[in-house]
Ligand code: FCB
C-alpha cells in the first residue's frame, strides 16, 4: 500500500467521452478513482467468515463465548461455521481475483495462532501463510489486521482489555505474526475499530465480552491504544518494508438547530466517537471534553504511555458507515434525534456520504501529522435475495458510487487518500445481528455455502477492468 495517489497525473479513459462507461457505478471521468494507483479492494474479518472454531488447535475467543449466550446475537447465530472460509479459502481467493479486486483486507484470529502460553500454533499459522502466499501470487495487495475483536477467551478470563497485561500479550502476538509473515503483508493494522472494542464491548455490553460500565470503556480503550503503540515498533523491526497503521471507525455528528447547546452536543458526539481515539494517536493526549461528557472516567495512564501510543504511523485506516443526528440532553451530553424522511439501510443507518467527506477534510485540518489514509471499510447491508441466479443490489450500487464520490471530493480538497476497501467481500456474521444483515458484494447462501456475485460486484469488476485497460 505504498502507492502515492497524489503523485500521478489524471489519466482519463477516452471511452468516457462517448458515454460508453455510463453505468450506475462507474465514476465520472474526472474522478481520482481512475488513477491506477488508487487501490480498490475488499475487506473481511476472521470471526465473521472463517468458521472452523474448534479446528487445528484454535482456542475459544470472546465472540464464541458471547454468541453462545442466549439473547446476545440475533436469532442465536454464532460464528461456528460462518462462511466456512477456513475450508473454502482457495475458491474465495479465486473469486476475489476474478473480480479484479486489487487489495484484500483480512484479519488474523489471535486464538488460532497462539496458545495460552504464548507459543505458536503451527497449524493456525500455516493457514494464514498459505492464504497470504496465494494472495501475493495473484498480485493482490495484502492488508492484515491483527485484532478484529476476537480476543482469546483465556485473556478475557484474566481481565481482557481491562488488564494492562493484555497490551503486552498483544505486542508478543504482533511479534510472532510479523516474524512469521514478514514479506507477505503489505500493510499491518494493529487494531480494528478500538471504539467498538472499548465502548460496545466494555461500555454498553452490546459486543463481547458484554460488560457495561463507562469507566471500563475508557480503561479498555487506554489498554487497546497502548497495545497498538507497543506493537508498532515491533512490526517495524520485524517487517520493515511493510506499512504500519491502525483502523478507526469514525462517526459524523450533526444537530438540527444552531443553538450553542445543540452544536456542543454534536461536537461532543464526535469527541467520543473520533477524538477519543485520534487525539491520543495523533496528538498524544486524550481530549479533555471527553471527561466533561463522561465525568469521572479518566483512565489510569502511566508515565510514557501517551508517547508510546502516539508513535508515528504510515497510514490511518478509516471505516465509515453513517451519521448520527443529536441534540443537547439538557445536561452535559447529547441524545440521538433520528432524522425522518432520510434514506436508510437494512441496519437503519442513514446513508450520508457527505459525512465521510466532511470528516476527512476536518481531520486534515485538525491533525497536522495526519498520515495517508485508506478507507478500510465502507458499505451497507440490504436484504439481498438471489433471483434466477442474480442479486440486483441497486441501493448498494448507488451507495458505493456516492461514497466513492465523497472520497474523490476529499482528495480534491487536499486529503491524501490512497485506497478504498469495500465492506465486505461477502455476506458474513454481522456480530450482534448474526447472518440477517448482508453486507457483501458477494451473496452467501448459508445452507449450501454457495457464493453468488451481486450486481454491485459485477459493476466494480467492470470498472476495474476498464481502468486497467486504459493507457
Ligand atoms: C464495522 C466492523 C465490521 C463490520 C461492519 C459492518 O464496525 O469493523 O466487522 O461488522 O462494521
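Okay, here's what the table says:
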{"item": "Residues of region 412-471 satisfying the condition of being within 16 Å of the ligand (Cβ to nearest atom) and assigned to a helix (DSSP H, G or I)", "result": "431, 432, 433, 456"}
{"item": "Restricting region 353-383 to residues that are within 16 Å of the ligand (Cβ to nearest atom) and in a loop (DSSP other than H, G, I, E, B), the residue that is farthest from residue 141 (Cα to Cα)", "result": "383"}
{"item": "Residues within region 219-268 that are under 20 Å from the mean Cα position of the chain (by Cα), within 21 Å of residue 285 (Cα to Cα) and part of a helix (DSSP H, G or I), tallied", "result": "12"}
{"item": "Which numbered condition residue 348 misses (of (1) out of contact with any helix residue (DSSP H, G or I) (no Cβ under 9 Å at 6 or more places or on another chain); (2) in contact (Cβ under 8 Å) with a residue 40 or more places away in the chain; (3) within 16 Å of the ligand (Cβ to nearest atom))", "result": "(2)"}
{"item": "Residues satisfying the stated conditions in region 219-242, i.e. within 16 Å of the ligand (Cβ to nearest atom) and closer than 30 Å to residue 330 by Cα", "result": "221"}
{"item": "In region 171-213, the residues that are buried (at least 20 other Cβ atoms within 10 Å of the Cβ), farther than 21 Å from residue 298 by Cβ, within 16 Å of the ligand (Cβ to nearest atom) and more than 16 Å from the chain's Cα centre (by Cα)", "result": "208"}
{"item": "Those residues of region 31-56 which are away from the ligand (no atom under 16 Å from the Cβ) and at positive phi, in sequence order", "result": "52, 56"}
{"item": "Residues that are over 25 Å from residue 403 (Cβ atoms), out of contact with any helix residue (DSSP H, G or I) (no Cβ under 7 Å at 6 or more places or on another chain) and buried (at least 23 other Cβ atoms within 10 Å of the Cβ), drawn from region 248-283", "result": "265"}
{"item": "Among (1) at pLDDT 95 or above; (2) more than 30 Å from residue 414 (Cα to Cα) - the single one residue 332 does not satisfy", "result": "(1)"}
{"item": "Every residue from region 59-77 that is touching a helix residue (DSSP H, G or I) at 6+ places or on another chain (Cβ under 6 Å), under 25 Å from residue 166 (Cα atoms) and either in a loop (DSSP other than H, G, I, E, B) or modelled with pLDDT under 95 (or both)", "result": "59, 60, 72"}
{"item": "Sole residue being crowded, with 17+ Cβ neighbours inside 10 Å, within 23 Å of the chain's Cα centre (by Cα) and either modelled with pLDDT under 95 or not in a loop (DSSP other than H, G, I, E, B) (or both), chosen from 286, 321", "result": "321"}
{"item": "Sole exception among (1) modelled with pLDDT of 95 or more; (2) in contact with a helix residue (DSSP H, G or I) (Cβ under 9 Å, 6 or more places away or on another chain); (3) more than 30 Å from residue 277 (Cβ to Cβ) for residue 437, by number", "result": "(3)"}
{"item": "Any hit, region 394-405, residues being within 14 Å of the ligand (Cβ to nearest atom), touching a residue at least 40 places away in the same chain (Cβ under 8 Å), within 20 Å of residue 49 (Cβ to Cβ) and in a loop (DSSP other than H, G, I, E, B)", "result": "no"}
{"item": "Checking residue 63 against (1) crowded, with 19+ Cβ neighbours inside 10 Å; (2) touching a strand residue (DSSP E or B) at 6+ places or on another chain (Cβ under 9 Å), the condition it does not meet", "result": "(2)"}
{"item": "The one condition in (1) under 24 Å from residue 110 (Cβ atoms); (2) within 16 Å of the ligand (Cβ to nearest atom); (3) in contact with a helix residue (DSSP H, G or I) (Cβ under 8 Å, 6 or more places away or on another chain) that residue 245 fails to fulfil", "result": "(3)"}
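Matching residues to (1) within 16 Å of the ligand (Cβ to nearest atom); (2) touching a residue at least 12 places away in the same chain (Cβ under 8 Å); (3) under 18 Å from residue 87 (Cα atoms):
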| residue | (1), (2), (3) |
| --- | --- |
| 108 | yes, yes, yes |
| 112 | no, yes, yes |
| 116 | no, yes, no |
| 121 | no, yes, yes |
| 125 | no, yes, yes |
| 133 | no, yes, yes |
| 138 | no, yes, no |
| 142 | no, yes, no |
| 146 | yes, yes, no |
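The values are calculated or read from the model by the stated rules, or taken from the named source; none is laboratory data. Note that the structure is predicted; figures quoted are calculated from it, not measured. Cβ sites come from the backbone with ideal geometry, for glycine too, and all protein chains shown count toward neighbours.
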